[in-house]
Amino acid sequence: MTDLNEIFEYCIKCSICQSVCPVAAYDAGFPGPKILGPDLARLQAAGEAGKNRTAELLPLLGMCSSCLRCETACPFDIPVARLIRRAEQSSRETPPTSLFFQGAFRRLRDKMLAHPEKLGRIGTALAPLANKLMGDSAVQKLLSRALGLEMEQPNNFASWKQCRRFILELSSSDNQRIAQPPAISPGSEQSSYDNRQVDRRAEADHSSEGCSGGSDENNRGDSAENAPRTRVVHRVENQSGDGVANRSDKQACNPAINRLRAHNPKLLYFTGCHVNFYQPEIGTAFLQLLKTLSIKPVIYNSHCCGIPLLSNGDRTGAHRAFLRNIQLLKPYVDQGYQLVCTCPTCSLALKKFYAEELETKVAEQLAAATYDYAEYLENYICELKGLIHPVEDSFIFHLPCHTQAQGVSAANLNLLRLIPGLKLGIVDKCCGQSGTYGYKTEKREVSRGISASLARQIKEQSNELDTKTVLTPCSSCGYRITLECGVRAEHPLLLIWEAAVK
Ligand code: SF4
Ligand code: SF4
């Protein structure tokens, strides 16, 4: 892999990345990915000669929403968003001169947004009160004015009653939960758990056992050494999501292949904060679906993936979270487990951000073993076909940016298209929420402007199909879609589960 400091040399300035950037499309003051990515890296490498222009560009980096559309679109695999993130991280070392109190309150807000796990634990413990408070317009106004936190129609915390079913499902004898990890200190790459010293034998075992299932097209069987160091391994697919059916039915339903896949499948389910604290029913649906397929997963519901820390400027905290998860998950990866997420941001974190941020072999090993739920379930398409009954209804399917960035849009659509009678419209624009980006007052206008073009797409499809339900695997997108379009948004797994199990 080319050094990140030199990769800008490969940019041919085709501007394809500029044309797909939702922030640049809405905000004329945002220079766009080409300028903030490879061009800025070139200026920084030029030193004194590029100093003035660099100083002009640095304050604009924070408006990037990390949707990754630029990286997905770049024909030369330039890690544009990564270059922007790196420049932003280094520019944070010299904090902007903002009003003291406003700066202090915004930092407090960013801290809150960076810790969904802590918020979730408090919120679920006090769910009726917390939901009432967060739903109150006076409280929302106060949060907006004092902290710069925009939380209209926030997602409700799951109540204890809602969590109970999930907890019972987790505690079922079919599942095994991972214990809490030991504490790990930041900067521990040189500490007790040295990621750079991965046993090569384990790597070889991993590449031959753990990653041989799953999608053939993804080259998952590559050893960590041969895998690209910074990229999510993509399937080539149509951006609009129409390029489905990478695997022919004949191939997918070959009983010999399926028997092989079904033989002792080793699956670890990484639940993520949204399932743990807001919608445990998504986790329940996935676990019941797995049970129907005779798969007994190991459950990891202990910690956040760490991406909210990274996107809210706490790089040290993010690295600590990444290392803690890696420490706990590595023994399973070494045994050939496949790590599966139902949230596209969690899977992208494990597939891409850990490796990019930590630059360790073990993070790459984890990346190669991670799957989006649809990518994983696609291996059981034949079994699912036999289970699923018709659903005579219409839905709009939204392809989140982080699903597109992993190249798993087709897998998501292939699963839904197993349901006979289902009419499906597809929308693929960015929702503008981008995790915690859309909750911030200073980004509100841009975020809502981006949402508007998705809202138009949804409205068209909604009129055509006469439906008011959008399926989206990303909870942040779901929040924003409900807010902007007034339609119901739900995880596609709930529909698949209903069609297959209920
Ligand atoms: S799409 Fe890639 S090659 Fe084209 S301008 Fe953007 S970064 Fe450069
Ligand atoms: S990550 Fe998204 S918002 Fe940021 S520059 Fe790329 S396309 Fe634009």
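Computed values, structure above
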| read-out | value |
| --- | --- |
| Residue that is free of Cβ contacts under 8 Å to residues at least 24 places away in the same chain and closer than 25 Å to TYR354 by Cα, where the choices are SER65, SER90 | SER90 |
| Per-region count, region 418-454, residues free of Cβ contacts under 8 Å to residues at least 40 places away in the same chain and under 21 Å from the mean Cα position of the chain (by Cα) | 2 |
| Filter pass, PRO38 being touching a Pro at 6+ places or on another chain (Cβ under 8 Å), part of a helix (DSSP H, G or I) and of a type outside the set (A, V, I, L, M, F, W, C) | no |
| Residue that is nearest to SER451 (Cα to Cα), among those in region 42-68 that are part of a helix (DSSP H, G or I) and within 13 Å of ligand 2 (Cβ to nearest atom) | MET63 |
| Condition met for LEU143 (more than 16 Å from ligand 2 (Cβ to nearest atom) and touching a strand residue (DSSP E or B) at 6+ places or on another chain (Cβ under 7 Å)) | yes |
| Odd one out for ASP174, checked against (1) modelled with pLDDT under 85; (2) of a type in the set (D, E, K, R); (3) in contact with a Phe, Trp or Tyr (Cβ under 6 Å, 6 or more places away or on another chain) | (3) |
| Restricting region 11-34 to residues that are of a type outside the set (Gly, Ala, Ser) and more than 9 Å from ligand 1 (Cβ to nearest atom), the residue that is farthest from GLY438 (Cα to Cα) | PRO31 |
| Criterion: crowded, with 21+ Cβ neighbours inside 10 Å, assigned to a loop (DSSP other than H, G, I, E, B) and at negative phi - qualifying residue of GLN433, GLN404 | GLN433 |
| Hits in region 35-56 (condition: more than 15 Å from ligand 1 (Cβ to nearest atom) and under 30 Å from ASP428 (Cβ atoms)) | none |
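For (1) outside the structural domain of LYS423 (by TED's automatic domain parsing); (2) within 14 Å of the chain's Cα centre (by Cα); (3) β-branched (Val, Ile, Thr), each residue gets a yes or a no:
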position: VAL362; (1), (2), (3): yes, no, yes
position: GLN365; (1), (2), (3): yes, no, no
position: ALA368; (1), (2), (3): yes, no, no
position: TYR373; (1), (2), (3): yes, yes, no
position: LYS385; (1), (2), (3): no, no, no
position: PRO400; (1), (2), (3): no, yes, no
position: GLN404; (1), (2), (3): no, yes, no
position: LEU413; (1), (2), (3): no, no, no
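The values are calculated or read from the model by the stated rules, or taken from the named source; none is laboratory data. These numbers come from a predicted model, not from an experiment. All Cβ positions, glycine included, derive from the backbone under ideal geometry; neighbour counts span all protein chains shown.
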